[in-house]
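The values are calculated or read from the model by the stated rules, or taken from the named source; none is laboratory data. A quick note: this is a predicted structure, and the numbers were derived from the prediction, not measured. Neighbour counts run over all protein chains shown; Cβ positions are idealised from the backbone, glycine included.
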Amino acid sequence: MKNQTLRDAVIRELIRMAMKAREQSYCPYSRFAVGAALLLGDGRIVTGCNIENAAYSPGNCAERTAIFKAVSEGNREFSAIAVVGGPAGKDPSSVCTPCGMCRQVLMEFCHPETFTIICAKDPETYQLYSLEEMLPAGFGPASLTVEMQVEDET
C-alpha cells in the first residue's frame, strides 16, 4: 500500500466506529451486516451501514451510505474508510472488502493513490489498501477531463 500515513490509533478508531455502525444495518434479505466509517479531510468521521430493500436494487451499501451522507452535508475531502462486515448477529469471521460499485463511488470523490481503504474483521485484524490497489486503472473524474481534451484537440 502506498499511503502509510494513518496512525494505528486512527485506524483502530475507524474500525470501532464501523463495527458500531454495523449494528444499525438493515439486512433482512442477505443477513450480511456491514458498517463503514469514513475519515474526512478535517479529521471528523461519518458512518454508514448497509440498507436493503425488498426490491433489492434500491438497497445501498455501507460505504456508499457514508460517502453520500458526507457529500450531502457538504464534505468533499476524504482520507480513509474502514469497512467491517459479516453475518448479522455474529462477529465477522474475516475481513470485508468494498463491492465494485462502492469502489467506483469512492473513485468519484477520493484520490486513488492516497485514499486508504481499511478492510477489517476487528480492531486488531485488518488489511490496508489504497483505492488504486482496489480499483486499478479506475475510471474517475480525471478520465472525463482526458477524454474532453482529446475531443477538443480534434
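Just to be sure before I move on: is SER130 in contact with a strand residue (DSSP E or B) (Cβ under 9 Å, 6 or more places away or on another chain) and surrounded by 15 or more Cβ atoms within 10 Å (Cβ to Cβ) in the structure I sent? Spelling it out, SER130 is indeed in contact with a strand residue (DSSP E or B) (Cβ under 9 Å, 6 or more places away or on another chain) and surrounded by 15 or more Cβ atoms within 10 Å (Cβ to Cβ).
Would you check if CYS119 is buried (at least 18 other Cβ atoms within 10 Å of the Cβ) and either of a type in the set (Asp, Glu) or part of a strand (DSSP E or B) (or both)? Spelling it out, CYS119 is indeed buried (at least 18 other Cβ atoms within 10 Å of the Cβ) and either of a type in the set (Asp, Glu) or part of a strand (DSSP E or B) (or both).
Scan the stretch 100-116 for residues that are under 26 Å from TYR29 (Cα atoms), free of Cβ contacts under 8 Å to residues at least 40 places away in the same chain and surrounded by 13 or more Cβ atoms within 10 Å (Cβ to Cβ) and the total you get is 2. The number of residues in the stretch 56-84 that are buried (at least 17 other Cβ atoms within 10 Å of the Cβ) and of a type in the set (D, E, K, R) comes to 2.
Take ILE51 and decide whether it is β-branched (Val, Ile, Thr) and surrounded by 19 or more Cβ atoms within 10 Å (Cβ to Cβ). Spelling it out, it is not the case that ILE51 is β-branched (Val, Ile, Thr) and surrounded by 19 or more Cβ atoms within 10 Å (Cβ to Cβ).
Every condition in (1) more than 21 Å from PRO112 (Cα to Cα); (2) in contact with a Gly (Cβ under 8 Å, 6 or more places away or on another chain); (3) free of Cβ contacts under 8 Å to residues at least 40 places away in the same chain; (4) among the hydroxyl-bearing types (Ser, Thr, Tyr) is met by TYR56 except one, and the failing one is (2).
Filtered by the rule that a residue be farther than 20 Å from THR5 by Cα and among the aromatic types (Phe, Trp, Tyr), the stretch 114-139 gives a lone residue, PHE139. Being closer than 17 Å to THR97 by Cβ, of a type in the set (Val, Ile, Thr), at pLDDT 95 or above and surrounded by fewer than 22 Cβ atoms within 10 Å (Cβ to Cβ) is the requirement here; does ILE11 meet it? Spelling it out, ILE11 is indeed closer than 17 Å to THR97 by Cβ, of a type in the set (Val, Ile, Thr), at pLDDT 95 or above and surrounded by fewer than 22 Cβ atoms within 10 Å (Cβ to Cβ).
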